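Please read the structure below before turning to the comments.
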Amino acid sequence: MPSPDAAVIVVAGIVFLAAFVNGALGYGFSSLTVPVALVFYTNRILNPAVVVIEVVINVYVLLINLGGVSAVWRRVLPILIGLLPGIGLGALVLTSVQPGWIKFCTYTVILPLILLQAAGWRRPIRSTWLSGLPFGTALGVLYSVTTISGPPLAILFNNQGLVKNEFRAGLALVRVVESSVTAIVYYQLGLFIAESTNVLLTFAPSVVVGVPLGTYLIRRLDAETFRRFCMSFDAWVVGFGLSRVLIELNWLASPWGYSVMGIAVLIDCYLLYVFFTSQKAAARRARTLSALPSA
(Lines give C-alpha, C1' and ligand atoms only; values in the text may rest on other atoms or scores of the structure.)
Protein backbone atom coordinates (compact mmCIF):
# COMPACT_ATOMS: atom_id res chain seq x y z
CA MET A 1 0.00 0.00 0.00
CA PRO A 2 1.41 3.46 -0.93
CA SER A 3 2.43 5.82 1.89
CA PRO A 4 -0.04 8.53 2.99
CA ASP A 5 2.07 11.24 1.29
CA ALA A 6 2.13 9.28 -1.97
CA ALA A 7 -1.64 8.81 -1.76
CA VAL A 8 -2.18 12.56 -1.33
CA ILE A 9 0.04 13.39 -4.34
CA VAL A 10 -1.59 10.80 -6.61
CA VAL A 11 -5.14 11.73 -5.60
CA ALA A 12 -4.48 15.49 -5.91
CA GLY A 13 -3.10 14.92 -9.42
CA ILE A 14 -6.04 12.82 -10.56
CA VAL A 15 -8.49 15.31 -9.03
CA PHE A 16 -6.89 18.12 -11.04
CA LEU A 17 -7.22 16.07 -14.24
CA ALA A 18 -10.84 15.18 -13.40
CA ALA A 19 -11.70 18.81 -12.63
CA PHE A 20 -10.12 19.88 -15.94
CA VAL A 21 -12.20 17.28 -17.81
CA ASN A 22 -15.39 18.32 -15.98
CA GLY A 23 -14.78 21.96 -16.85
CA ALA A 24 -14.28 21.01 -20.50
CA LEU A 25 -17.08 18.47 -21.00
CA GLY A 26 -19.58 19.24 -18.23
CA TYR A 27 -19.11 15.85 -16.57
CA GLY A 28 -16.35 13.40 -15.67
CA PHE A 29 -15.17 14.53 -12.24
CA SER A 30 -16.40 11.60 -10.19
CA SER A 31 -16.00 8.96 -12.93
CA LEU A 32 -12.30 9.85 -13.20
CA THR A 33 -11.60 10.58 -9.52
CA VAL A 34 -13.40 7.71 -7.82
CA PRO A 35 -11.78 4.69 -9.55
CA VAL A 36 -8.28 5.92 -8.59
CA ALA A 37 -9.19 7.27 -5.15
CA LEU A 38 -10.85 3.95 -4.20
CA VAL A 39 -7.37 2.41 -4.24
CA PHE A 40 -6.59 4.57 -1.17
CA TYR A 41 -9.99 5.17 0.49
CA THR A 42 -13.29 3.36 1.04
CA ASN A 43 -16.54 4.68 -0.44
CA ARG A 44 -17.79 5.74 3.01
CA ILE A 45 -14.83 8.11 3.43
CA LEU A 46 -14.54 9.19 -0.20
CA ASN A 47 -18.18 9.74 -1.19
CA PRO A 48 -19.05 12.64 1.16
CA ALA A 49 -15.98 14.62 0.01
CA VAL A 50 -16.75 13.98 -3.67
CA VAL A 51 -20.41 14.97 -3.25
CA VAL A 52 -19.57 18.33 -1.64
CA ILE A 53 -17.11 19.11 -4.44
CA GLU A 54 -19.67 18.06 -7.06
CA VAL A 55 -22.34 20.38 -5.65
CA VAL A 56 -20.01 23.34 -6.27
CA ILE A 57 -18.81 22.13 -9.70
CA ASN A 58 -22.30 21.31 -10.95
CA VAL A 59 -23.74 24.65 -9.86
CA TYR A 60 -20.87 26.38 -11.70
CA VAL A 61 -21.47 24.34 -14.88
CA LEU A 62 -25.23 25.01 -14.67
CA LEU A 63 -24.71 28.76 -14.32
CA ILE A 64 -22.56 28.97 -17.47
CA ASN A 65 -25.10 26.87 -19.43
CA LEU A 66 -28.35 28.45 -18.25
CA GLY A 67 -29.29 29.24 -21.84
CA GLY A 68 -29.98 25.57 -22.57
CA VAL A 69 -32.11 24.84 -19.49
CA SER A 70 -35.38 26.07 -21.02
CA ALA A 71 -35.01 23.54 -23.86
CA VAL A 72 -34.30 20.48 -21.68
CA TRP A 73 -35.98 20.84 -18.28
CA ARG A 74 -39.18 19.08 -19.40
CA ARG A 75 -37.13 16.13 -20.71
CA VAL A 76 -35.21 15.71 -17.47
CA LEU A 77 -38.12 16.29 -15.05
CA PRO A 78 -39.06 12.55 -14.88
CA ILE A 79 -35.41 11.73 -14.16
CA LEU A 80 -35.25 14.33 -11.37
CA ILE A 81 -38.35 12.91 -9.68
CA GLY A 82 -37.07 9.35 -10.02
CA LEU A 83 -33.74 10.35 -8.44
CA LEU A 84 -35.24 11.00 -5.00
CA PRO A 85 -36.18 7.46 -3.88
CA GLY A 86 -33.08 6.06 -5.60
CA ILE A 87 -30.72 8.32 -3.64
CA GLY A 88 -32.29 7.31 -0.32
CA LEU A 89 -32.05 3.61 -1.17
CA GLY A 90 -28.45 3.90 -2.35
CA ALA A 91 -27.36 5.77 0.78
CA LEU A 92 -28.77 2.97 2.95
CA VAL A 93 -26.82 0.44 0.86
CA LEU A 94 -23.66 2.49 1.39
CA THR A 95 -24.02 2.37 5.17
CA SER A 96 -24.79 -1.35 5.39
CA VAL A 97 -22.75 -3.19 2.71
CA GLN A 98 -19.12 -4.28 3.14
CA PRO A 99 -16.74 -1.75 1.44
CA GLY A 100 -15.06 -4.38 -0.77
CA TRP A 101 -18.40 -5.36 -2.27
CA ILE A 102 -19.26 -1.70 -2.91
CA LYS A 103 -15.97 -1.24 -4.77
CA PHE A 104 -16.67 -4.37 -6.82
CA CYS A 105 -20.17 -3.18 -7.74
CA THR A 106 -18.85 0.30 -8.60
CA TYR A 107 -16.29 -1.02 -11.07
CA THR A 108 -18.47 -3.72 -12.64
CA VAL A 109 -21.32 -1.29 -13.33
CA ILE A 110 -19.18 1.56 -14.63
CA LEU A 111 -16.79 -0.34 -16.93
CA PRO A 112 -19.44 -1.60 -19.42
CA LEU A 113 -21.03 1.87 -19.52
CA ILE A 114 -17.70 3.49 -20.37
CA LEU A 115 -17.00 0.95 -23.12
CA LEU A 116 -20.51 1.40 -24.55
CA GLN A 117 -19.95 5.14 -24.62
CA ALA A 118 -16.51 4.68 -26.21
CA ALA A 119 -18.05 2.43 -28.87
CA GLY A 120 -20.36 5.28 -29.86
CA TRP A 121 -23.48 3.25 -29.08
CA ARG A 122 -26.52 5.04 -30.46
CA ARG A 123 -30.17 4.17 -30.09
CA PRO A 124 -32.87 6.85 -30.14
CA ILE A 125 -34.39 7.17 -26.64
CA ARG A 126 -37.31 9.41 -25.77
CA SER A 127 -37.23 10.75 -22.22
CA THR A 128 -40.85 10.06 -21.24
CA TRP A 129 -42.32 9.42 -17.81
CA LEU A 130 -42.37 5.69 -18.57
CA SER A 131 -38.60 5.57 -19.15
CA GLY A 132 -37.46 8.61 -17.18
CA LEU A 133 -38.77 7.59 -13.74
CA PRO A 134 -37.09 4.15 -13.56
CA PHE A 135 -33.93 5.54 -15.16
CA GLY A 136 -33.84 8.30 -12.54
CA THR A 137 -34.33 5.84 -9.69
CA ALA A 138 -31.55 3.57 -10.95
CA LEU A 139 -29.33 6.61 -11.46
CA GLY A 140 -30.04 7.79 -7.91
CA VAL A 141 -29.00 4.42 -6.47
CA LEU A 142 -25.85 4.39 -8.60
CA TYR A 143 -24.88 7.95 -7.68
CA SER A 144 -25.47 7.72 -3.93
CA VAL A 145 -23.48 4.46 -3.74
CA THR A 146 -20.64 5.43 -6.09
CA THR A 147 -21.00 9.23 -6.76
CA ILE A 148 -20.75 8.34 -10.48
CA SER A 149 -23.52 9.13 -12.96
CA GLY A 150 -21.78 10.75 -15.94
CA PRO A 151 -21.47 7.70 -18.26
CA PRO A 152 -25.16 6.63 -18.18
CA LEU A 153 -26.32 10.26 -18.42
CA ALA A 154 -23.99 10.91 -21.37
CA ILE A 155 -25.29 7.79 -23.16
CA LEU A 156 -28.90 8.85 -22.58
CA PHE A 157 -28.46 12.46 -23.72
CA ASN A 158 -26.27 11.55 -26.71
CA ASN A 159 -28.96 9.14 -27.88
CA GLN A 160 -31.59 11.85 -27.55
CA GLY A 161 -29.65 14.00 -30.00
CA LEU A 162 -29.14 16.99 -27.72
CA VAL A 163 -26.93 19.75 -29.11
CA LYS A 164 -23.85 20.86 -27.15
CA ASN A 165 -25.44 23.58 -25.00
CA GLU A 166 -28.55 21.50 -24.27
CA PHE A 167 -26.38 18.47 -23.47
CA ARG A 168 -24.30 20.37 -20.91
CA ALA A 169 -27.35 22.10 -19.43
CA GLY A 170 -29.24 18.81 -19.03
CA LEU A 171 -26.26 17.14 -17.41
CA ALA A 172 -25.71 20.05 -15.05
CA LEU A 173 -29.38 20.23 -14.06
CA VAL A 174 -29.58 16.53 -13.19
CA ARG A 175 -26.23 16.56 -11.42
CA VAL A 176 -27.03 19.63 -9.31
CA VAL A 177 -30.14 17.88 -8.00
CA GLU A 178 -28.50 14.49 -7.42
CA SER A 179 -25.40 15.89 -5.69
CA SER A 180 -27.37 18.33 -3.50
CA VAL A 181 -29.95 15.75 -2.39
CA THR A 182 -27.23 13.14 -1.81
CA ALA A 183 -25.26 15.60 0.36
CA ILE A 184 -28.37 16.20 2.48
CA VAL A 185 -29.05 12.46 2.86
CA TYR A 186 -25.39 11.77 3.76
CA TYR A 187 -25.57 14.48 6.42
CA GLN A 188 -28.75 13.03 7.90
CA LEU A 189 -27.11 9.58 8.06
CA GLY A 190 -24.01 10.97 9.78
CA LEU A 191 -21.61 10.08 6.94
CA PHE A 192 -19.62 13.33 7.14
CA ILE A 193 -16.68 12.34 9.33
CA ALA A 194 -13.18 13.74 9.97
CA GLU A 195 -11.52 11.52 7.36
CA SER A 196 -13.93 12.80 4.69
CA THR A 197 -13.08 16.39 5.64
CA ASN A 198 -9.37 15.70 5.14
CA VAL A 199 -10.08 14.23 1.69
CA LEU A 200 -12.18 17.30 0.85
CA LEU A 201 -9.32 19.64 1.79
CA THR A 202 -7.02 17.61 -0.49
CA PHE A 203 -9.46 17.94 -3.40
CA ALA A 204 -10.32 21.64 -3.13
CA PRO A 205 -7.17 23.35 -4.55
CA SER A 206 -7.04 21.03 -7.57
CA VAL A 207 -10.70 21.70 -8.34
CA VAL A 208 -10.40 25.48 -8.01
CA VAL A 209 -7.66 25.49 -10.67
CA GLY A 210 -8.79 22.60 -12.89
CA VAL A 211 -12.44 23.45 -13.66
CA PRO A 212 -11.99 26.98 -15.07
CA LEU A 213 -8.85 25.88 -16.93
CA GLY A 214 -10.80 23.08 -18.64
CA THR A 215 -13.64 25.44 -19.51
CA TYR A 216 -11.17 27.85 -21.13
CA LEU A 217 -8.98 25.36 -23.04
CA ILE A 218 -11.80 23.25 -24.52
CA ARG A 219 -12.39 26.15 -26.95
CA ARG A 220 -8.98 25.38 -28.46
CA LEU A 221 -9.28 21.57 -28.51
CA ASP A 222 -11.28 19.17 -30.64
CA ALA A 223 -13.96 18.23 -28.11
CA GLU A 224 -14.79 14.81 -29.57
CA THR A 225 -11.16 13.62 -29.68
CA PHE A 226 -10.53 14.98 -26.18
CA ARG A 227 -13.66 13.19 -24.90
CA ARG A 228 -12.54 9.95 -26.50
CA PHE A 229 -9.11 10.04 -24.84
CA CYS A 230 -10.80 10.73 -21.49
CA MET A 231 -12.96 7.64 -21.96
CA SER A 232 -9.88 5.53 -22.67
CA PHE A 233 -8.14 6.76 -19.54
CA ASP A 234 -11.31 6.07 -17.56
CA ALA A 235 -11.66 2.54 -18.95
CA TRP A 236 -8.04 1.68 -18.14
CA VAL A 237 -8.32 3.05 -14.60
CA VAL A 238 -11.59 1.23 -13.91
CA GLY A 239 -10.10 -1.99 -15.31
CA PHE A 240 -7.16 -1.60 -12.91
CA GLY A 241 -9.50 -0.93 -9.99
CA LEU A 242 -11.64 -3.96 -10.80
CA SER A 243 -8.53 -6.16 -10.98
CA ARG A 244 -7.36 -4.86 -7.60
CA VAL A 245 -10.67 -5.50 -5.87
CA LEU A 246 -10.94 -9.02 -7.33
CA ILE A 247 -7.55 -9.75 -5.78
CA GLU A 248 -8.58 -8.12 -2.46
CA LEU A 249 -11.73 -10.27 -2.32
CA ASN A 250 -9.59 -13.37 -3.04
CA TRP A 251 -11.61 -14.19 -6.15
CA LEU A 252 -8.51 -14.14 -8.37
CA ALA A 253 -4.87 -14.50 -7.41
CA SER A 254 -2.20 -12.03 -8.49
CA PRO A 255 -1.08 -11.65 -11.26
CA TRP A 256 -4.10 -13.37 -12.87
CA GLY A 257 -6.40 -10.73 -11.43
CA TYR A 258 -4.85 -8.14 -13.74
CA SER A 259 -6.08 -10.10 -16.75
CA VAL A 260 -9.37 -8.20 -16.29
CA MET A 261 -7.53 -4.92 -16.80
CA GLY A 262 -5.76 -6.44 -19.81
CA ILE A 263 -9.07 -7.38 -21.42
CA ALA A 264 -10.46 -3.87 -20.81
CA VAL A 265 -7.34 -2.30 -22.36
CA LEU A 266 -7.53 -4.55 -25.43
CA ILE A 267 -11.20 -3.76 -25.99
CA ASP A 268 -10.56 -0.04 -25.62
CA CYS A 269 -7.57 -0.13 -27.99
CA TYR A 270 -9.79 -1.75 -30.62
CA LEU A 271 -12.47 0.92 -30.07
CA LEU A 272 -9.80 3.64 -30.33
CA TYR A 273 -8.69 2.16 -33.66
CA VAL A 274 -12.28 2.19 -34.94
CA PHE A 275 -12.76 5.78 -33.73
CA PHE A 276 -9.67 7.19 -35.41
CA THR A 277 -10.29 5.18 -38.60
CA SER A 278 -13.78 6.65 -38.88
CA GLN A 279 -12.42 10.13 -38.12
CA LYS A 280 -9.89 9.84 -40.96
CA ALA A 281 -12.55 8.56 -43.36
CA ALA A 282 -14.85 11.46 -42.45
CA ALA A 283 -12.00 13.96 -42.97
CA ARG A 284 -11.23 12.46 -46.40
CA ARG A 285 -14.89 12.72 -47.42
CA ALA A 286 -14.99 16.33 -46.29
CA ARG A 287 -11.87 17.18 -48.30
CA THR A 288 -13.29 15.42 -51.37
CA LEU A 289 -16.58 17.32 -51.15
CA SER A 290 -14.82 20.65 -50.66
CA ALA A 291 -12.67 19.99 -53.74
CA LEU A 292 -15.69 19.35 -56.03
CA PRO A 293 -16.66 22.31 -58.22
CA SER A 294 -19.87 24.00 -57.18
CA ALA A 295 -22.89 23.69 -59.45
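For the reader, a short list of remarks on this structure follows.
- Length added when fully stretched, TYR216-ALA253, from 0.36 nm per residue minus Cα-Cα: 8.8 nm
- By the combined test of axial Cα extent (at least 15 Å) and Kyte-Doolittle hydropathy (mean at least 0.5), the qualifying DSSP H helices of the chain come to 4-25, 43-63, 69-96, 99-118, 129-146, 194-217, 223-248, 259-291.
- Dipole moment magnitude, nearest 20 debye, the stretch 151-295 about Cα centre, only Lys, Arg, Asp, Glu C-beta charged: 780 debye
- Of the solvent-accessible surface of the chain, computed with a 1.4 Å probe and all protein chains present, 71% belongs to carbon and sulfur.
- Histogrammed with a bin width of 5 Å, the alpha carbon distances of the stretch 144-295 distribute as 1, 7, 9, 13, 16, 16, 15, 10, 5, 3, 2, 1, 1, 0, 0 percent, first bin at zero.
- Distance from the stretch 240-263 to the stretch 91-118 (C-alpha centre basis), Å: 15 Å
- Think of a 1.4 Å ball rolled over the protein heavy atoms: the chain then has 47 Å² of accessible area per residue.
- Efficiency of FRET between VAL209 and LEU130 - r from beta-carbon atoms, R0 45 angstrom, step 0.05: 0.55
- R0 of 25 Å, Cβ-Cβ distance LEU266-GLN98: FRET efficiency to nearest 0.05: 0.25
- In terms of Cα atoms, the Rg and Dmax of the stretch 75-157 work out to 13.2, 38 Å.
The values are calculated or read from the model by the stated rules, or taken from the named source; none is laboratory data. Everything numeric here is computed off the predicted structure, so don't read it as measured data. Counting neighbours? That spans all protein chains shown, and the Cβs are built from the backbone with ideal geometry, glycine included. Note: accessible area is taken over every heavy atom of the protein model, side chains too, but ligands, DNA and RNA are not part of it. Shrake-Rupley method; radii C 1.70, N 1.55, O 1.52, S 1.80 Å.
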